[in-house]
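Report on the structure given below.
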Amino acid sequence: MVDNEDKRTQLPQSFSLDDFVYERLLSNNANRKVIFVLGRCFNLPAIVILEKIAFTEEQFSGTDDKSTILKNSSLEKIMENDIYQNNFCRVDSDLNKLKATIIYPATEKHISKYTEQKIYVLKETPELYKSVTLPCLEKEQFNCDWVYNILEHRQEVDRIVIEDLSPDVGFMLLPDLKWDGVTDETMYVTAIIMNRSIKSIRDLRESHLPLLENIKSKCLAAIKDKYGVNSNEVRAYFHYQPSYYHLHVHFNYLKYDAPGIFCDKAHLLDTVIDNIKMVPNYYEKATLSFTVRENDKLYDAYKSIAEE
Ligand code: G7M
């Protein structure tokens, strides 16, 4: 399959999933109710990610009859026994939307990322970061054009929640691609920093504390303002390794188990700030563990070191 990293083909405005020719299932996550499907659109590879959306309280409490799930449903019985009954429930299609994310043209890296595969944990010393991780990510990392489109106000402009254009401590906060932007129960916004020279937490030093403190205080205030979520109900963290090597902070609603929140990948913003306050070059000296997928080039790179 061709790699489409340099092709900037866009889907036409009139695009519908009828234009998507199914090829194969990449993975199916029954817990998250998300499916990743590979196909082709206009002869180029495309990935469609379909996700069932969480319920909202308004779908039940709406005063307008039409807006409540229960008022417009029909039941199809599966079984009953004593006081127990199981049914399929059909609801108005407007109240039962799927979130559909489309990646087009999809690259080999995207296909690999969403393919079901084994994962392994690696321990990265500072030396291994310099000799193995850094050269590998410089060659293999995902393109960050979508990040620069945001920072240069070319895309997602109307989605920006708050921005601070300072080159040193500035950032833009906006809904993450993983969020539909309306379901409060799964609130997920991301702060992308203005400075283009910080790839990940590995690069963070004492001089970046004002940047981290600025992001923390302004983003938590903006989230409270816009979504009504208190700062003690927000999970603020980095990924290590991230998919995109331009520093950004994930913020989501604590009750929502967003993908990538586990200790093998997530580093709390507060902990990162504290570590740097205690040891100014903590992230230069620390051994950091993280997970890789079997098909990741980074896994190959570490495997070849182990075999030497
Ligand atoms: O794993 P990492 O820390 O690199 O996470 C990157 C985050 O950026 C993920 O949560 C993605 O869902 C999010 N993201 C990726 N893309 C391509 C976009 C995009 O085009 N727009 C927005 N708003 N978020 C994105």
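Points worth noting:
- Unmet criterion (only one of (1) acidic (D, E); (2) touching a strand residue (DSSP E or B) at 6+ places or on another chain (Cβ under 7 Å); (3) within 30 Å of Y302 (Cα to Cα)) for E206: (2)
- For segment 240-273, filtering for residues that are of a type in the set (D, E) and either crowded, with 20+ Cβ neighbours inside 10 Å or within 13 Å of the ligand (Cβ to nearest atom) (or both) leaves 1.
- Residue list for segment 159-189, restricted to those being outside any strand (DSSP E or B) and hydroxyl-bearing (S, T, Y): S166, T183, T186
- Every residue from segment 118-165 that is more than 22 Å from L288 (Cβ to Cβ), away from the ligand (no atom under 12 Å from the Cβ) and surrounded by 13 or more Cβ atoms within 10 Å (Cβ to Cβ): I162, E163, D164
- So Y256, is it over 18 Å from E124 (Cβ atoms), of a type in the set (S, T, Y) and assigned by TED's automatic domain parsing to the domain that holds D184: yes
- If you go through segment 173-191 and pick out every residue that is in contact with a helix residue (DSSP H, G or I) (Cβ under 9 Å, 6 or more places away or on another chain) and either within 7 Å of the ligand (Cβ to nearest atom) or outside the structural domain of H153 (by TED's automatic domain parsing) (or both), you end up with 4.
- Residue in segment 77-100 that is at pLDDT 95 or above, within 16 Å of the ligand (Cβ to nearest atom) and either within 29 Å of T287 (Cβ to Cβ) or exposed (fewer than 14 other Cβ atoms within 10 Å of the Cβ) (or both) present: yes
- Residue check, T101 closer than 23 Å to L50 by Cα and either touching a Cys at 6+ places or on another chain (Cβ under 7 Å) or not in a loop (DSSP other than H, G, I, E, B) (or both): yes
- V234 surrounded by 16 or more Cβ atoms within 10 Å (Cβ to Cβ), under 28 Å from V34 (Cβ atoms) and more than 12 Å from the ligand (Cβ to nearest atom): yes
The values are calculated or read from the model by the stated rules, or taken from the named source; none is laboratory data. Just so it is clear, the model here is predicted, and its values are computed rather than measured. Backbone-built Cβ (ideal geometry, glycine too); neighbour counts: all protein chains shown.
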